[in-house]
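The values are calculated or read from the model by the stated rules, or taken from the named source; none is laboratory data. Not measured: the values here are computed from a predicted model. Neighbour counts run over all protein chains shown; Cβ positions are idealised from the backbone, glycine included. Just the protein is used for accessible areas: all its heavy atoms, side chains included, with ligands, DNA and RNA removed. Shrake-Rupley method; radii C 1.70, N 1.55, O 1.52, S 1.80 Å.
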Amino acid sequence: MTHAKNDHLTIPIDALRDALRRNKHKRARRILRTMHPAKVASLLETLDADQRIAAWHQIDKRFEHKVLAHLSPALQAQLTHETEAGVQGEVPDGLSGEQGEAPDGLSSEQTAADDDSGDSPETQLKLVLEALENGKLKHIAQLFNKLHPARIAGLLESLPASERAAAWGMLDHERTGKVLRYLHEGVRRRLAEEMELDDLVDAARGLEPDDLVDLIQELPPKLGREILFTLNRRERERVESLLSYDEDSAGGLMNPDHIAVRADIKVGTLLRYLRLLEDLPPNTDKFFIVDRDNRYQGIVRARRVLTTRPETTITELMETDFEPVQAEQPSEEIARRFEDHDLISVPVVDGEGHLLGRITVDDVVDVIREQAERSIMGMAGLHEETDMFAPVWASSRRRAVWLGINLLTAFLAAGVIGLFEATLEQVVALAVLMPIVASMGGIAGSQTLTLVIRGLATGQLGSGNTRILLLKEIGIGLLNGLLWALVVAALAVLWFGNWTIGTIIAAAILLNLLCAALAGVMIPMIMRKLRIDPALAGSVVLTTVTDVVGFFAFLGLATLILL
């Protein structure tokens, strides 16, 4: 019997040790969750001190007392002390992830409570890192249980890859899907790939359809298909219909969950129907009116339904001038409409006017954030590197391409300088002053470039007003060129005592600032027509233009005048 009992325990002990050794904390928790408390207690007694503490930190808090009841008094005291040590400076109960959680983001009350509590993201990150260093993983679980999923996502993104996996393993199984929703796509993809398939499927089922589509699109095709096959027929058809649209279109953004009604029913009928529902879809501020063929006809606002007499018909309340968006419409245009009209939701229709779903403000906020991050990261060639702790090889490969492009442009500028090698050999002062010309042009051009890119992104700049902006920027370039040309010329004369050199550099700066203004407007406009992101490549092209023009103007004038 003893031999059989030992054999019976060998499998879970070996599996648990392997999971702990490989930092597969979710697997360890699943193994422990399937075992009887008495068996868990017996297993803990067979482990050494470090393994016992590591395993104890994987036991669900709800079953701790049942396991403790089967342990010796000495082990009870040791493990109870581990639990009671806790995380110092816990987040107030008012920020509990389940009770205080707003379904679509942090509320203003929660944000204020965060600030008052003194538990800043830096403090929480420090607590997580200390818990990881000391092997106190249960303390991470205690902290995560108090935080909103968005804050948990922020903490996970602040951790290096290995520590992130360990912290991820301590997240409650029920909240995994909610946290996945807030992670950047690179981090979300890596964590999802490391999860057991069963855990990933359970987490995916807790996501809204549009968030589930985003996750499937980011995963390897095989893993995405596995998730699809686990869905029931109705859910799978809904997700597949969303997957058929481009991810940067209205169809890729929309959520099929909505409430559609007929125009001929009464308000009282609609209210009775709403009371039969378990819950309303998030951000339901309006109901959509459709005909018998599900063609969109208009909207009725929820506030009107709640404040109108029950016998009033929907026809009397509906608004027929609220325009839907087409499923193929680009996400940038949709984000602009939400921003301009302060919308919470809009209906999405197909080419024949059939209602497909709706887009809500939380998804549009994600679009706006991604566009802003893409612009900022793209200007440095890091448009895909949203994960600060991405693997070294992957990050090096991405940056190497950008460095190579810059090297080519640098050789182009160097080639222009090489054309005037004889001039530089005879007039050393030119080599000293030459960088000033290129630098002034680069700064002036980047100011114009940034302004134009912003105008394109917000829709304020188009073919109709480009000429007006171009003339304005040339005027600015002329005034600034005259001002700083005189300043630099005076300094050059004082430095080298040569009026000719002062005149040459003044003319070169004026020409380069005018060229920078022209290039700053035209480069992003041309790139837009070529379907190239100006934020990604605009700065490189602009720098090349201002360097080449600045060096050529300065050294060319010097060659003509001095030699």
2 or more residues within 28 Å of Q142 (Cβ to Cβ) and aliphatic (A, V, I, L, M): qualifying helices (runs of 4 or more DSSP H) within segment 168-230
176-182, 185-194, 197-205
Of the listed residues (R304, R292), the one being under 11 Å from A263 (Cβ atoms), open to solvent by 80 Å² or more (accessible area, probe 1.4 Å) and not hydroxyl-bearing (S, T, Y) is R292
Could you please give the count of residues in segment 168-184 that are farther than 15 Å from L207 by Cα and either within 20 Å of the chain's Cα centre (by Cα) or at pLDDT 85 or above (or both)?
2
Is it true that some residue in segment 174-196 is without any contact (Cβ under 8 Å) to a residue 24 or more places away in the chain and either crowded, with 20+ Cβ neighbours inside 10 Å or of a type in the set (S, T, N, Q) (or both)?
no
In segment 293-349, anything assigned to a loop (DSSP other than H, G, I, E, B) and touching a residue at least 60 places away in the same chain (Cβ under 8 Å) is listed as D293, N294, A327, E328, Q329, I344
Check whether at least one residue in segment 302-323 is closer than 23 Å to D248 by Cβ and either touching a Gly at 6+ places or on another chain (Cβ under 8 Å) or not hydroxyl-bearing (S, T, Y) (or both), and report yes or no.
yes
Output the number of residues of segment 151-167 satisfying the condition of being at pLDDT 85 or above, open to solvent by 10 Å² or more (accessible area, probe 1.4 Å) and not in a helix (DSSP H, G or I).
1
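Counting only residues that are among the polar types (S, T, N, Q) and open to solvent by less than 40 Å² (accessible area, probe 1.4 Å), which one in segment 407-444 is nearest to A516 (Cα to Cα)?
First, the residues of segment 407-444 that are among the polar types (S, T, N, Q): 409, 423, 426, 439.
Narrowing the set further to residues that are open to solvent by less than 40 Å² (accessible area, probe 1.4 Å) leaves 409, 423.
Numbers: T409: 16, T423: 25 Å.
Among those that are among the polar types (S, T, N, Q) and open to solvent by less than 40 Å² (accessible area, probe 1.4 Å), it is T409.
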Check off (1) open to solvent by 60 Å² or more (accessible area, probe 1.4 Å); (2) within 34 Å of the chain's Cα centre (by Cα); (3) closer than 17 Å to I344 by Cα for I259 and give me the number that stays unchecked.
(1)
Looking at (1) assigned to a helix (DSSP H, G or I); (2) open to solvent by less than 60 Å² (accessible area, probe 1.4 Å); (3) under 19 Å from V348 (Cβ atoms); (4) at pLDDT below 90, find the lone condition where G251 falls short.
(4)
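What is the residue count in segment 490-548 for residues that are among the β-branched types (V, I, T) and under 27 Å from R467 (Cβ atoms)? Show your work before the answer.
Here is the first cut: in segment 490-548, the ones among the β-branched types (V, I, T) are 493, 500-501, 503-505, 509, 521, 523, 526, 532, 540-541, 543-546, 548.
If we keep only those that are under 27 Å from R467 (Cβ atoms) too, we end up with 509, 521, 523, 526, 532, 540-541, 543-546, 548.
So the answer is 12.
If the requirement is being farther than 16 Å from I289 by Cα, of a type outside the set (A, V, I, L, M) and surrounded by 14 or more Cβ atoms within 10 Å (Cβ to Cβ), which of these qualifies: D362, D342? Give the derivation first.
On the way: D342 fails: surrounded by 14 or more Cβ atoms within 10 Å (Cβ to Cβ).
Going through D362, D342 in turn, the sole match is D362.
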Pairs, first at pLDDT below 80 in segment 393-417, second open to solvent by 60 Å² or more (accessible area, probe 1.4 Å) and not in a helix (DSSP H, G or I), C-beta under 8 Å, six or more apart
R398/E384
Taking the stated definitions as given, is R190 at pLDDT 80 or above, within 17 Å of the chain's Cα centre (by Cα) and charged (D, E, K, R)?
yes
Restrict the check to segment 553-563 and report whether at least one residue is in a helix (DSSP H, G or I), surrounded by fewer than 24 Cβ atoms within 10 Å (Cβ to Cβ) and among the polar types (S, T, N, Q).
yes
Just checking, does segment 202-209 include any residue being farther than 23 Å from R30 by Cβ, of a type outside the set (F, W, Y) and open to solvent by 10 Å² or more (accessible area, probe 1.4 Å)?
yes
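What do you reckon, is R262 basic (K, R), in contact with a Gly (Cβ under 7 Å, 6 or more places away or on another chain) and touching a residue at least 40 places away in the same chain (Cβ under 8 Å)?
no
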Cβ contacts < 7 Å: first residue more than 17 Å from S249 (Cβ to Cβ), restricted to segment 352-365; second residue aliphatic (A, V, I, L, M) and surrounded by fewer than 21 Cβ atoms within 10 Å (Cβ to Cβ), any location; separation 6+ or different chain. Result?
V361/L343; V361/I344
Sort out for me the helices (runs of 4 or more DSSP H) sitting completely within segment 1-105 that have 3 or more residues that are among the charged types (D, E, K, R) and modelled with pLDDT of 50 or more.
2-21, 25-33
Residue pairs qualifying under the 6 Å Cβ cut-off, at least six apart or on distinct chains, with the first in segment 490-506 being at pLDDT 90 or above and the second being of a type in the set (F, W, Y) and open to solvent by 50 Å² or more (accessible area, probe 1.4 Å), are V493/W499
